[in-house]
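Only one structure is covered here, and it is reproduced in the block below.
The values are calculated or read from the model by the stated rules, or taken from the named source; none is laboratory data. Please read all numbers here as calculations on a predicted model, not as lab measurements. Cβ atoms come from the backbone with ideal geometry, glycine included; neighbour counts cover every protein chain shown. Each accessible area value is taken on the protein alone, full model and side chains, heavy atoms only, with ligands, DNA and RNA left out. Shrake-Rupley method; radii C 1.70, N 1.55, O 1.52, S 1.80 Å.
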Protein chains: 4
Amino acid sequence: MKRVGIIGASGFAGAELMRLCAGHPEFEVVFASGDSQAGTPVGELYPSLAAAYPTTTLEPWESIPGGLDVVFIALPHGASQTIVPKLDASHILDLGADFRLKDTSLYPTWYGQEHTAPELLDEFAFGLPELFREDLLGATRVAVPGCYVTTATLTLAPLLKAGLVEPHGLVVDAASGVSGAGRAPKPGTTFSAVDENFTAYGLLNHRHTPEMEMAIGRHAGTDVQLLFTPHLAPMNRGILATCYARPTGDESTEELLTVLAAAYAEESFVVVSEAVPSTKATLGSNSVHITVRRDERTGWVVAIGALDNLVKGAAGQAIQCANLAVGLDEAAGLASAGMYP
Amino acid sequence: MKRVGIIGASGFAGAELMRLCAGHPEFEVVFASGDSQAGTPVGELYPSLAAAYPTTTLEPWESIPGGLDVVFIALPHGASQTIVPKLDASHILDLGADFRLKDTSLYPTWYGQEHTAPELLDEFAFGLPELFREDLLGATRVAVPGCYVTTATLTLAPLLKAGLVEPHGLVVDAASGVSGAGRAPKPGTTFSAVDENFTAYGLLNHRHTPEMEMAIGRHAGTDVQLLFTPHLAPMNRGILATCYARPTGDESTEELLTVLAAAYAEESFVVVSEAVPSTKATLGSNSVHITVRRDERTGWVVAIGALDNLVKGAAGQAIQCANLAVGLDEAAGLASAGMYP
Amino acid sequence: MKRVGIIGASGFAGAELMRLCAGHPEFEVVFASGDSQAGTPVGELYPSLAAAYPTTTLEPWESIPGGLDVVFIALPHGASQTIVPKLDASHILDLGADFRLKDTSLYPTWYGQEHTAPELLDEFAFGLPELFREDLLGATRVAVPGCYVTTATLTLAPLLKAGLVEPHGLVVDAASGVSGAGRAPKPGTTFSAVDENFTAYGLLNHRHTPEMEMAIGRHAGTDVQLLFTPHLAPMNRGILATCYARPTGDESTEELLTVLAAAYAEESFVVVSEAVPSTKATLGSNSVHITVRRDERTGWVVAIGALDNLVKGAAGQAIQCANLAVGLDEAAGLASAGMYP
Amino acid sequence: MKRVGIIGASGFAGAELMRLCAGHPEFEVVFASGDSQAGTPVGELYPSLAAAYPTTTLEPWESIPGGLDVVFIALPHGASQTIVPKLDASHILDLGADFRLKDTSLYPTWYGQEHTAPELLDEFAFGLPELFREDLLGATRVAVPGCYVTTATLTLAPLLKAGLVEPHGLVVDAASGVSGAGRAPKPGTTFSAVDENFTAYGLLNHRHTPEMEMAIGRHAGTDVQLLFTPHLAPMNRGILATCYARPTGDESTEELLTVLAAAYAEESFVVVSEAVPSTKATLGSNSVHITVRRDERTGWVVAIGALDNLVKGAAGQAIQCANLAVGLDEAAGLASAGMYP
């Protein structure tokens, strides 16, 4: 068994890591932190974890034992820059934004502050196994991409790499469940505010934008520019991204689907199909569903992807990366079957 | 009191007409049909109407008395082509698609069948008061536009009329609550299928597309071409349309907002604001909320509109048109305040 | 037009008063307070009210003008005890708990503090028109009962008054939508906490218990003792109370239904029927739906009632009382038809 | 690996069996039937299963191969009476009602028809491991109890066995998510009908009543009589039962909790706590949460239990029983951690 620590177990991504580790054949959680909740039994904060972790209590992160095999960090952006330099662990997987962007000039622009540990950026592999698996085999430091980024990147990157759509003028119009906003109560995340509501937010300047451009561009080997419009849907989990691009040639829907299917032919968590993806098909699983269409009438290509933001968009993908990092079966502890209904 | 008949009162738009007429100071429902439910008390099919209509029973539509002041038709497309020629009523308001498109060649393409009463098309005014009010004053026949069309058209038309965005290459990416799919149970409309789910449907060829192009184009005085992608959100009511367009000049967000605000300055049901619209702000009301942004970075204009699909997108707009047709206060019986939460 | 003030317009009951007054033919809101939100335009805090109240801004309650015709108070318990003595208004309707219980000894037990204005208790009529209408005609001070109390009382009181069930050993098992918990974000009211969840709360000692016992007992002319178990359902609005009682005689379901129907024969907002009530049938309306059953097998009577907690359970009932108080049609400004779906 | 067949894989319980078997270390689904959907790929009917079962197609049940290790049957009541006699399998686990009640006279009363294979009733063990584990070790035929029955029985049975509450006059007031009503679209299960709604159904005569009385009574060794009132809550999954009983002695809340905790001290899926159970704490897991209270004021004992109706209330419990039947770790393939949010 690998000895695992989770920093930030009081948040949703951290709690999802706890849930997935409880079912993982080789991971044993020996430490869980939650600074604002230190001293609280995990099963009291999350009754859903009471049966699986009857004796685990949240601690301050500084109490983490040295020499753990795997440490996951699930904290708000800015926090892991400070923590990582102090950690002693074989494999560190950061679910936050701090080590994803390689261009340090992007941090002040999109996150409002200078990066405080820029020398560590190069140590971090980008944790999107389907596109950058080589970098993750045995990796000691991994920056796991966010939920929107994973969705848009897996949906668009193969089309761009194949040169089938223009890399500029892209539109990513996406909707997410509210768990993406975290556990802390806010005026915009109450049931009364969210239920029976659909709205847009973060117009023009959502922080995931440069990460999408970087990840897609790196895979495709080209500069990418896109407009990203996130929406909030009245549901807990799930992200669906509807992406609009201009075709470079005259490939049909069928040909575009063939390119996507070929790109993911060996991937056990990616389903490419003519069926329109739905977030619910991925609920609780590490799977991604993707389709694409060519509209002859208006000259647009529409590509759509869906996944569970807390699994493939966060905790599941982190475990997938950790499996690769420590040399286990990549799918260990991860469900490919979604919970329905 | 005006004597009102409702053909198709067993569907959601018809039931909403019943609800709104119950609170209308000048409309009295003297006839309600629901062919598949004929003989059923309205309050049994819709317990929500039991207190307001304790003695009303659904009848076959052929039982409608002659000489009514106002008749609303809320039936699936294709049905009112057959019924309208046989009706004797001062004012007929059709909530279906049969008399909206003026170009008869569009019916076979988008609805799969020839129009059977093309000679009546010219008698029907297009029931979008904010843009075509002149046509509705005293009108005897009105084709009330659908929910997606009303949203996209009110959001985009003033920008196109002012020549601020290109009329081609437009994208309308919209999400709707499930009531738009009607009352009849279908595999895709069960709670288990819809709840916690977000998905796209009708890719490339949704029937409301040509209606949007026609309505926007007519108001703007130009040919319009757009791609429309509808989505289903896990909620009962509400439509939000996020529209992408290429600017023709260099107007800022502020200037675009000013144009929209001026276009609707006299409209009591339209709120133009920098605030991002949400469907919930319009719940149960006849109001529409609109905003717009200019993205300097990518060169896109994003305009967003929201409304309640069963009120401003159907029954409420029909009553607004009927008020204009019979010479009442346009807002009679209609709420501008939404129900929250 | 009656000049109306609303103290506590930033809460859900206050916002619902704003919505209902916007559609009331004789009420004009000339003042709205929201202390923690003073200075905020109503339409910014509640975009749903932006179209109806484009120029209204929330003020501190002390700014209320003197001599208003009607003042509604919608504040947390404890607050109106302090405010009422300072108000100068013809009719005051308090939606809080401060003036409902007539026995001052109950306040320390159930609310944890002594009443600070016990001398005013007798001035307040109990605002449940269907049972105590006489007290409300021309009333200057009204304590409007809460949502659970209105539901349970209207459901059970006629059966007790007729002596058909035992007044002790009653069980009221009820479920409510989350709007009853108010607008302020709390860990237990986030979408993530409430959605897809059903739970009980306030076991044994919910504060509405003595109010139910008082109201039912007063109408029935007997001492009543009941156990009340509230539950939280994943919805915004609506309360359904399932009440269990022991029959005193051998009346059948049919006979019990007849007694209930007779009790409410003249009431326009109460629907008694063999149909099982559902909260959704009452959404947005002032209506109440009630049924009853006699189980021969186990010797229980089960009576069920449903209503919208923010309308008949709060703002709607307050307006119904105000209409009686100022001499208007009792139903003015109130819908009997619910919004569906 | 055990070779597993699933009869009725097109329904929700069957699909949940597919999901759980996909993550089970020793179960391999080699056959899945869905008569009305025969010929349909599983991943088309349930996209959630597309990644895990890319090549499985639903077949008619008669195509089942002989000699399977484990066969699960998840069909509407009445169907397995006919099928079981024709099956050749080492272990048969029926999730339907056909072999639960041992008293054949109850079938005409509660299910409206005579049992057609009464001679098989004695072969079936009752699949509630926490109370009847002995019967399940190596069992060849198991009747898995329903969701409501599992909830109410686990909540009440230890209190009755200990003689702490009266066995008559019990009330079980429960709420369920809509997945309990099955996959087939019905007027009462559309999103529009269920969302924002809470209602009761099956008043007085729900079919699970005699099964509860039998299971509780058998464990407690006494005749039990209870009134069961189910409600429908606007959620997919989850059952919460609030049970009312009269105490026989003067045990306090603390003493009652101690009795429950002792009864389940060795059970890995049962959490007894003073915390109030919520359905969401059990989502997707095989866990059950239970609490109890004594109300001194009114003399009632209130016991509350919650679980996921499709896991511990159906497919999960069936797998738990199958594990016992074939001699595996009872918890194999089952999560004790719930998915949250």
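A few remarks follow.
- Matching option when the condition is open to solvent by less than 50 Å² (accessible area, probe 1.4 Å) and out of contact with any Lys or Arg (no Cβ under 8 Å at 6 or more places or on another chain), among A:SER63, A:SER80, A:SER90: A:SER80
- Residue count for the stretch C:232-259, restricted to those that are in a loop (DSSP other than H, G, I, E, B) and hydrophobic (A, V, I, L, M, F, W, C): 2
- Search result, residues across the stretch D:236-251 that are more than 14 Å from chain A (Cβ to nearest Cβ) and small (Gly, Ala, Ser): D:ALA241, D:ALA245, D:GLY249
- Considering only residues in the stretch C:65-86 that are in a loop (DSSP other than H, G, I, E, B) and in contact with a helix residue (DSSP H, G or I) (Cβ under 9 Å, 6 or more places away or on another chain), the one that is farthest from C:PRO145 (Cα to Cα) turns out to be C:GLY78.
- Within the option set A:GLU251, A:GLU296, A:GLU255, A:GLU274, being out of contact with any strand residue (DSSP E or B) (no Cβ under 9 Å at 6 or more places or on another chain) and more than 23 Å from A:HIS208 (Cβ to Cβ) holds for one residue only, A:GLU296.
- Annotation: of all residues in the stretch D:218-231 being in a loop (DSSP other than H, G, I, E, B) and in contact with a Pro (Cβ under 8 Å, 6 or more places away or on another chain), the one that is surrounded by the fewest Cβ atoms within 10 Å (Cβ to Cβ) is D:ASP223.
- Considering B:VAL326, B:VAL276, B:VAL292, the condition of being more than 18 Å from the chain's Cα centre (by Cα) and closer than 27 Å to D:SER192 by Cα is satisfied by B:VAL276 alone.
- Tabulated pairs, the stretch C:241-262, first within 11 Å of C:ARG294 (Cα to Cα) and of a type in the set (Asp, Glu), second open to solvent by 50 Å² or more (accessible area, probe 1.4 Å) and part of a helix (DSSP H, G or I), C-beta under 8 angstrom, 6+ apart or interchain: none
- Tallying residues that are open to solvent by less than 10 Å² (accessible area, probe 1.4 Å) and on the phi > 0 side of the Ramachandran plot within the stretch D:197-212 yields 0.
- Residues located in the stretch B:262-271, provided they are β-branched (Val, Ile, Thr) and surrounded by 24 or more Cβ atoms within 10 Å (Cβ to Cβ): B:VAL271
- Residues located in the stretch B:153-183, provided they are within 14 Å of chain A (Cβ to nearest Cβ) and buried (at least 24 other Cβ atoms within 10 Å of the Cβ): B:THR155, B:LEU170, B:VAL172, B:ASP173, B:ALA174, B:ALA175, B:SER176, B:GLY177, B:VAL178, B:SER179
- Among (1) outside any loop (DSSP other than H, G, I, E, B); (2) in contact with a Lys or Arg (Cβ under 8 Å, 6 or more places away or on another chain), the one test that D:ALA337 misses: (1)
- Residue pairs whose Cβ atoms lie under 7 Å apart, separated by 6 or more positions or on different chains, with the first residue in the stretch D:315-341 and at positive phi and within 14 Å of another protein chain (Cβ to nearest Cβ) and the second modelled with pLDDT of 95 or more and part of a loop (DSSP other than H, G, I, E, B), are D:GLY333/D:GLY23; D:GLY333/D:HIS24; D:GLY333/D:PRO25.
- Exactly one residue out of D:GLU114, D:GLU134 is over 30 Å from C:ILE290 (Cβ atoms), open to solvent by 40 Å² or more (accessible area, probe 1.4 Å), modelled with pLDDT under 95 and of a type in the set (Asp, Glu), and it is D:GLU114.
- So B:ALA181, is it in contact with a Gly (Cβ under 9 Å, 6 or more places away or on another chain), of a type outside the set (Phe, Trp, Tyr) and under 25 Å from B:GLY11 (Cβ atoms): yes
Here is a yes/no grid of residues against (1) in a loop (DSSP other than H, G, I, E, B); (2) without any contact (Cβ under 8 Å) to a residue 12 or more places away in the chain; (3) within 25 Å of A:GLY96 (Cα to Cα):
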residue: A:ALA265; (1), (2), (3): yes, yes, no
residue: A:VAL271; (1), (2), (3): no, no, no
residue: A:ALA275; (1), (2), (3): yes, no, no
residue: A:ALA281; (1), (2), (3): no, no, no
residue: A:GLY284; (1), (2), (3): yes, no, yes
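- Screening A:VAL178, A:VAL194 for residues that are within 21 Å of the chain's Cα centre (by Cα), closer than 22 Å to B:ASN236 by Cβ and without any contact (Cβ under 8 Å) to a residue 60 or more places away in the chain leaves exactly one candidate, A:VAL178.
- Listed by first and then second residue, the pairs linking a residue in the stretch A:84-108 that is touching a residue at least 24 places away in the same chain (Cβ under 8 Å) to a residue that is charged (D, E, K, R), with Cβ atoms under 6 Å apart and 6 or more places separating them unless they lie on different chains, are A:SER90/A:ASP69; A:ILE92/A:ARG141; A:ARG100/A:GLU211.
- Qualifying residue in the stretch B:246-253 (condition: surrounded by 24 or more Cβ atoms within 10 Å (Cβ to Cβ), closer than 22 Å to B:ASP173 by Cβ and modelled with pLDDT of 95 or more): no
- Restricting C:THR56, C:THR104, C:THR140, C:THR82 to residues that are in the same structural domain as C:GLU16 (by TED's automatic domain parsing) and under 16 Å from C:VAL29 (Cα atoms) narrows the list to C:THR56.
- Condition check for A:ALA215: open to solvent by less than 50 Å² (accessible area, probe 1.4 Å), more than 13 Å from chain B (Cβ to nearest Cβ) and either among the small types (Gly, Ala, Ser) or touching a helix residue (DSSP H, G or I) at 6+ places or on another chain (Cβ under 9 Å) (or both): yes
- Restricting attention to the stretch D:184-196 and to residues that are open to solvent by 30 Å² or more (accessible area, probe 1.4 Å) and assigned to a helix (DSSP H, G or I), the residue that is farthest from the other protein chains (Cβ to nearest Cβ) turns out to be D:GLY188.
- When B:ASP98 is tested against (1) surrounded by 17 or more Cβ atoms within 10 Å (Cβ to Cβ); (2) of a type outside the set (Lys, Arg); (3) within 14 Å of chain C (Cβ to nearest Cβ), only condition (3) is not met.
- Looking only at the stretch D:16-31, and only at residues there that are away from chain A (no Cβ under 13 Å) and farther than 20 Å from A:GLY333 by Cβ, the one that is surrounded by the most Cβ atoms within 10 Å (Cβ to Cβ): D:PHE31
- Of residues in the stretch C:280-331 being of a type in the set (D, E, K, R) and farther than 30 Å from D:VAL224 by Cα, the one most open to solvent (accessible area, probe 1.4 Å): C:ASP329
- Positions within the stretch B:66-77 being within 21 Å of the chain's Cα centre (by Cα) and open to solvent by 10 Å² or more (accessible area, probe 1.4 Å), in sequence order: B:ALA74, B:LEU75, B:PRO76, B:HIS77
- Which numbered condition C:ALA275 fails, given (1) surrounded by fewer than 20 Cβ atoms within 10 Å (Cβ to Cβ); (2) more than 27 Å from B:ALA335 (Cα to Cα); (3) away from every other protein chain (no Cβ under 12 Å): (3)
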